[in-house]
Structures are given as C-alpha cells and as structure tokens.
Amino acid sequence: MDPRLRGDDSPNNMIAEIIPLLRLPKTLTYFDYKIPSTLEGNIKIGQLVGIPFRNKMVGGLVFNIKNSETDNKWKIKEISKIWNEDPELDENYLKLFKWVSEYFLTPLPLLAKTFIPLPPLRTREVKIKKKIPSLPPSISGKDVNGVKNILQGFHDSKNNIFLLHYQNKKNKTAIYLKIISEAVKKNKQVLILMPQITDIEEILPHLDYFFADKIALLHGELSKTEYWQEWQKIKSGKAMVAVGTRSAIFAPCKNLGLIIIDSEEASDFKQSDQNPRYDARIAAIELARLTGAKVLLGSQTPRIETYYKTKNSEIKILSENKKDNNNYLSVDMGQEIKKKNFSPFSSEIKNIIEKNLNNKKKSVLLLNKRGSSNMVVCRDCEHVFSCKDCGRPLVYHEDATKKLICHNCGYKEVASLNCPKCRGVSLKFIGAGTEKVEKEIKKLFPTADVLRIDKDAIIKEAGDVDIYIGTEFFIKNYLPQINNIDLVAIVSADSLIFRPDFRSGEKTFEWVTKIMNISDQKKSSFIIQTFYPDNYIFKLALKREYEIFFNEELTGRKNFKYPPFGKLIKLTYSSKNERMSNLEIFKVRKFLTDKFIDGMEILGDGEMEKTKQKFSSKIILKSSENFTSELLEYLKNLPDGWAIDIDPESLL
C-alpha cells in the first residue's frame with residue numbers, strides 16, 4: 001500500500017522513490033514520498049532519510065527522484081528528515097542492489113535493511129581492538145620464481161577475473177599483500193572477502209603492518225556504532241582496504257580497483273539458511289563488471305564451476321605449479337574388520353597414539369559431524385545401501401520409522417536387516433560422531449587426557465591435553481594455536497564422500513586437502529580411515545592431483561546436468577500447519593509440472609520433515625539451460641512461506 005492520504009495538491013512536484021529499510025511482503029519494493037520545500041535541492045539519490053511509514057518513523061533509501069505524475073487527488077506523505085547528507089550508495093552500488101534483488105529473487109527492502117547500517121543515535125568514535133601488526137610471511141628461496149611468475153601473469157593479462165590456485169599458504173598471503181599494495185599506490189580501494197571472522201583475524205596483522213589506519217573491518221561481531229563508523233571510513237575513502245565476511249560485498253567503495261575472495265570454495269560465501277539468500281562470489285563478479293575492478297579468487301581446491309571457467313578463458317588461472325608429495329597414509333577399514341577390529345580406530349592410529357602418549361606428544365582426531373550413523377554398508381561384500389532411482393547413498397534415520405531415505409530425490413524404504421546383494425546380516429552403520437569417538441577413545445586410553453570440542457562442547461581455550469577430538473569448528477577456532485602435535489587423523493572419511501549431494505566429491509577433496517595442509521604445518525603424521533581406499537577422490541587427494549580429480553568430477557556433473565552444465569533452484573516451504581504445508585507443496589509442484597516441465601526436471605517427492613516446530617518440504621528444479629523469465633516471475637510471487645534459493649550450495 002502506498003503511503004498516500006487524501007488532501008490538497010502542493011506546488012512542489014518533486015517526488016522521491018524510497019525503499020524502506022524494513023522486512024516487507026515480497027511484492028512491495030519502493031514508495032513515493034514528496035520532497036518538502038525545506039529539503040528541496042538537498043535530497044540525493046542513494047541518501048538515507050527518515051520517512052513516516054505505518055504510523056512510525058523509519059529509515060529509507062532514496063532510489064530515484066522524479067517529477068510528480070499524480071492527478072492532484074492524493075496528498076503524498078513527505079520525507080521527514082535527512083539522516084546523512086552524503087549518499088550511502090553511489091550509482092554502481094544501487095545497480096548492484098537491484099541486480100542482486102532480481103538475480104536471487106530477494107526483495108529490495110530486505111536487502112537494504114540487512115546491509116545498509118543506520119546512523120547511531122549518538123555519534124562517538126570507537127576504537128576497534130586489533131592484533132599487533134606482524135611482518136608478512138617470508139617466501140622460501142625455491143618459491144621466489146614461482147611467485148614472481150604469478151605476479152607477472154596478473155599484471156600482463158587482459159582478464160579482469162583471476163584464480164590463484166595456490167599450494168603454499170605463506171606464498172598466497174605474500175601475493176595478496178603485493179597486489180594490494182600496488183592497487184593502493186594507484187589510489188584504488190581494495191575489498192577483501194574472507195569466509196569467517198577467524199580468517200580475518202589471521203590476515204589482519206599482516207595488513208596492519210602495511211596499511212595501519214587505512215583498514216576498515218565489516219563483520220557481524222561489530223556493534224552497530226562500530227559498523228557504522230567502519231562503513232563511513234570506506235565511503236569517505238579514508239579506508240583504502242576493506243576486509244570483511246560475505247556481507248562486506250556491499251561496502252560503499254568510492255574508487256574500487258580490486259576484489260579478493262579468499263578460499264573461494266568456502267560455502268560461507270553463500271547465505272542459504274535465511275533471507276536474503278545470495279552468493280557474495282556471484283555478486284562480486286557483477287560489482288567488478290559495474291566498476292571495472294579486478295577480481296582475484298584464491299583457493300587450494302577451487303569449486304568445479306570456478307575451475308571450469310579457467311578452461312574457457314572466462315577466468316585467468318595463476319598457479320604455483322608444484323605439489324608437495326609427503327607421505328600420507330590411507331587405512332582400509334575393511335581390512336581392519338577382517339582382523340576382527342570393530343573399533344572406530346585402526347591399529348595404525350592406536351599405535352601412534354600410544355607412542356605419542358609415551359613421548360608426551362599430542363594427537364588430533366577429526367570428524368566432519370557431531371551426529372551418529374548416517375550410511376549403511378555390508379561388512380561382508382561392502383555393498384552400500386543406495387537409492388534405486390538416482391544411485392545416491394541412502395541415509396539411515398534413527399527415529400521411530402527406521403527408514404533409509406535419499407536426500408537427493410526423496411526415495412525412501414524401510415531399513416532392511418539383510419544386505420540386498422549378498423543377503424548377509426553383518427551391517428555397518430558408518431558416520432560416528434564426536435561423542436561416540438570420545439567414548440571409544442576413553443575406553444582404549446583410560447589414563448589419557450581427552451578433550452572434545454565442537455559446537456555442542458565450546459570452551460574458551462583448548463588447554464594442554466593428550467588427545468583432541470573435533471570437527472570443522474575445532475579446526476577453525478582452536479587447532480592453529482595447538483603445538484607439539486604428532487598425529488592428525490580423519491577418523492571416518494566415508495561419511496563425507498557418500499553425502500547424498502552433488503557436491504559431495506568436491507567437498508570431500510576439499511576437506512581431505514585442508515587436513516593434509518594442517519598436518520604439513522604441524523609436521524605431524526597424517527592418517528585417513530576409509531572403507532574405500534581405492535576411491536578416486538581419496539587417492540587423488542592424497543597425491544594432490546587436483547587436475548585429474550577435476551576431470552573425473554566434471555564427467556559426472558555433465559552426465560547428470562549439474563553445475564557448471566546446469567542450473568539449480570531449491571524451493572523450501574515451511575509452516576506450523578502440516579495440512580497447509582501439504583496443500584501448498586502439492587499446489588506448487590502441480591503447477592510447475594503442468595506449466596514448466598519442458599526442459600526442466602523437478603526433483604523431490606514432497607516428503608514432509610518436522611524441524612523446529614515447523615513442517616517443511618523441498619522441491620528442486622534442474623535445467624540444462626537458464627530458467628525462463630516466466631518461471632522466475634512465478635517464483636518471485638510465491639507466498640511468503642516459500643524460501644527460494646537460486647544456485648544452491650547444497651541440495652540437502
């Protein structure tokens with residue numbers, strides 16, 4: 001509803017189209033407000049203003065200014081005040097907001113509310129605590145020429161988008177710092193996007209050494225005053241280097257010359273769990289197109305889509321062209337079972353832990369999840385219980401139903417007591433979580449100090465213990481500070497490789513490579529436990545053969561029309577009313593099937609899941625070509641109970 005009231009016309013005909021910084025129904029975007037004579041000539045596009053909206057004062061973003069075309073029957077509400085004289089966004093960033101809204105089918109008011117900070121009631125300078133500046137990492141003599149070649153390739157190429165496919169983390173940081181310094185010398189601002197705040201804390205001391213007070217930070221742990229203060233430093237040009245997590249993509253750089261996206265493979269760059277759902281990597285490419293800035297993507301294990309673009313010259317690859325082939329051990333857990341070892345730990349891991357305890361060394365046991373079993377394998381013939389429709393591994397749900405469910409296409413069956421291949425009854429439930437591992441390790445080594453750290457067991461400091469058990473949370477927040485480690489082991493790698501998702505291979509390769517790198521940094525032994533030591537993902541990861549892995553993975557993606565050979569949309573409907581959920585899912589699925597089935601696959605059977613007091617279900621749309629504008633328009637107008645995820649990071 002436009003904020004209009006009946007009344008007399010005014011001689012001032014200037015109207016501002018304003019986006020309220022509010023969460024509004026998807027169909028509402030911007031509203032007309034009259035520019036009062038007292039503010040005439042002072043209202044600018046991109047400015048923050050105060051407006052009356054539904055009987056209260058709210059913030060609004062001036063999106064456009066035009067002459068009134070009303071027929072004098074309505075008196076339009078007036079802008080109440082200007083909140084900040086200088087526009088918060090210039091033309092390029094307004095175009096970016098509009099593009100992100102249209103591409104990801106997310107409302108403009110929600111984008112503005114989420115990413116544009118409002119001025120604090122009291123303006124006072126707040127000093128943000130930073131770590132002591134530190135010297136940049138030194139490059140070893142054998143790597144100097146490789147780094148020089150990468151820098152030369154960056155400068156000589158006519159491309160605007162680059163992929164730094166690095167092996168050595170120190171070399172990567174040195175390359176970043178050199179390229180950033182060159183951009184700043186040219187009076188260009190640099191935007192650095194990191195997956196998580198812990199990643200920012202890692203690079204910040206090196207940036208401080210060179211740029212000190214020319215740095216601004218943007219992330220979710222800043223107070224509203226701090227965020228506003230840092231935003232203004234970027235907007236004014238006082239900050240030449242802006243560092244932040246994914247939301248910093250909207251930081252209002254005046255003269256943007258370079259965007260760095262570190263660890264571009266990280267799923268953190270895609271906001272998938274709440275609105276607005278957007279991908280900062282995709283938005284960065286559009287921002288670079290608008291501003292003429294260069295984009296540097298950094299990764300040890302690039303996404304398949306990203307690496308594919310280096311093959312058709314959309315992205316220029318910069319590579320170290322070296323592989324550190326250390327001795328990494330893969331243990332066949334099938335052989336352990338044949339030796340009557342039914343423990344989660346191989347004899348190799350037990351022996352090294354025993355040796356470490358005697359030598360006062362530490363051991364680290366890593367898993368990728370906190371839960372319990374998730375995959376069923378026959379111990380006799382090693383058959384994996386898989387979906388009859390799409391071939392993905394079935395996931396065991398340990399609830400009252402005891403069902404095996406495919407999270408890819410929705411197929412389900414009652415869990416069998418026998419192997420369908422050999423009729424054996426010796427079944428293995430793979431996917432032990434941290435709690436089960438902790439329990440078993442304490443049985444084996446009752447006198448050892450054992451510490452489990454995951455999101456269910458958070459502590460301030462890791463402390464000094466014999467054996468650490470953790471997940472990704474532990475790796476990010478605690479492991480870098482722990483020394484004297486002589487074993488890093490992945491306890492159950494198979495729970496990764498058999499995730500029923502099209503990215504499972506990519507994520508497994510990424511995870512194993514990451515842990516190997518940590519092991520190298522700690523100069524420790526590395527062991528991976530698997531029932532499938534001959535699986536190409538494990539074999540190639542242990543040899544650091546990314547190129548061969550990419551080609552293998554690309555073949556599967558092409559056969560099943562997954563990215564980069566297809567487009568995906570994930571639709572999720574949630575409601576507290578189960579009957580309403582069923583009706584809505586049925587209605588939308590039927591409409592999609594009737595109207596848009598040509599050239600498009602519809603995955604999922606509408607199975608309801610109850611989570612957090614709500615009933616939800618998914619519909620996956622897959623197409624080998626871009627989705628039609630008619631389909632996107634239909635999706636954009638779905639009721640508010642629907643969550644629309646364009647280019648989903650996962651189908652789970």
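The values are calculated or read from the model by the stated rules, or taken from the named source; none is laboratory data. Because the structure is a prediction, the values reported are computed rather than measured. When we count neighbours, we look across all protein chains shown, and the Cβ atoms used for this are built from the backbone with ideal geometry, even at glycine. We work out accessible area using only protein heavy atoms, side chains counted, and drop any ligands, DNA or RNA first. Shrake-Rupley method; radii C 1.70, N 1.55, O 1.52, S 1.80 Å.
Against the longest principal axis of the chain, how steep is helix 169-185, in degrees 0 to 90 to the nearest 10, with axes from Cα atoms? For helix 169-185, the angle is close to 20 degrees.
When nucleic acids and ligands are ignored and a 1.4 Å probe is applied, Tyr532 ends up with an accessible area of around 40 Å². The base-10 log of I(q)/I(0) for the stretch 326-372, evaluated at q = 0.20 Å⁻¹, reads -0.86 [Debye formula, identical scatterers on Cα atoms, solvent excluded]. In order along the stretch 300-306, the phi-based Karplus estimate (6.51 cos²θ - 1.76 cosθ + 1.60, θ = phi - 60°) of 3J(HN,Hα) comes to 7, 9, x, 4, 4, 4, 5 Hz; Gly and Pro are listed as x. Note on Tyr536/Lys350: beta-carbon distance plugged into 1/(1 + (r/R0)^6) with R0 of 25 Å gives a FRET efficiency of 0.35.
Over all Cα atoms in the chain, the spread is summed up by Rg and Dmax: 27.4, 92 Å. Placing +1 on the Cβ of every Lys and Arg and -1 on the Cβ of every Asp and Glu, with no other charges, gives the stretch 252-314 a dipole of roughly 260 debye about its Cα centre. Dipole magnitude for the chain: computed about the Cα centre from +1 point charges on Lys and Arg Cβ and -1 point charges on Asp and Glu Cβ, it is near 680 debye. In summary, the stretch 537-600 shows an alpha-carbon radius of gyration equal to 1.77 times the 2.2 N^0.38 Å reference for compact globular proteins.
The trypsin sites (Lys or Arg not before Pro) found in the stretch 62-149 that occupy coil by DSSP, while having at most 13 further C-beta atoms within 10 Å, are Lys73, Arg122, Arg124, Lys127, Lys129, Lys131. For the stretch 296-356, take the convex hull of the Cα atoms, compute a quarter of its surface area, and give me that in nm², please. The Cα convex hull of the stretch 296-356, projected and averaged over all directions, gives 7.4 nm². Net charge dipole, the stretch 556-620: roughly 260 debye, given to the nearest 20, about the Cα centre with Cβ charges of +1 for Lys and Arg and -1 for Asp and Glu. Heavy-atom surface analysis with a 1.4 Å probe gives the chain a carbon and sulfur content of 48 percent of its accessible area. Oblate is the label for the stretch 249-311, because a/c, from the alpha-carbon gyration tensor with a ≥ b ≥ c as root eigenvalues, is 1.5 or above and a/b does not exceed b/c. Taken over the alpha carbons of the stretch 558-652 as equal point scatterers, the Debye sum produces base-10 log I(q)/I(0) values at 0.25 Å⁻¹ of -1.42. Counting other C-beta atoms within 10 Å, and keeping those with at most 12, which DSSP coil trypsin sites (Lys or Arg not before Pro) do you find in the stretch 473-573? Passing sites in the stretch 473-573 are Lys523. Placing unit charges on the Cβ atoms of the charged side chains and taking the dipole of the chain about its Cα centre, the candidate lying farthest along the positive direction among Ser157, Pro480, Phe115 is Pro480. Label sites at Lys595 and Arg54, each approximated as a point 7 angstrom past Cα along Cα to Cβ, lie 2.7 nm apart.
The mean of 1/r over all pairs of different alpha-carbon atoms in the stretch 23-174, once inverted, gives a Kirkwood hydrodynamic radius of 20.3 Å. Farthest towards the positive end of the charge dipole of the stretch 115-193, among the residues Ser140, Thr173, Val126, is the Cα of Val126, using unit charges on the Cβ of Lys, Arg, Asp and Glu. The aspartates and glutamates whose alpha-carbon is closer than 17 Å to the alpha-carbon of Lys361, local same-chain residues fewer than 8 away aside, are Glu348, Asp449, Asp464, Asp466, Asp486, Asp520. Work from the charge dipole of the stretch 497-612 (Cβ charges, +1 for Lys and Arg, -1 for Asp and Glu, about the Cα centre) and give the residue of Phe498, Ile515, Asn577 farthest towards its positive end. The residue sitting most towards the positive pole is Asn577. Taking only the alpha-carbon positions of the stretch 110-194 and ignoring solvent, what does the Debye formula give for the base-10 log of I(q)/I(0) at q = 0.20, 0.26 Å⁻¹? Debye curve over Cα of the stretch 110-194, log10 I(q)/I(0) at q = 0.20, 0.26 Å⁻¹: -1.08, -1.45. Pairs with C-alpha atoms separated by more than 26 Å, drawn from the list Lys309/Lys507; Lys403/Lys543; Lys98/Lys158; Lys170/Lys238; Lys595/Lys622, are Lys403/Lys543; Lys98/Lys158; Lys170/Lys238. Loop-located GluC sites (Glu not before Pro) in the stretch 569-652 (DSSP state not H, G, I, E or B) with no more than 16 neighbouring Cβ atoms inside 10 Å: Glu607, Glu625. Considered as an equivalent ellipsoid built on the Cα gyration tensor, the stretch 433-554 has semi-axes of 27, 16, 14 Å, the largest given first.
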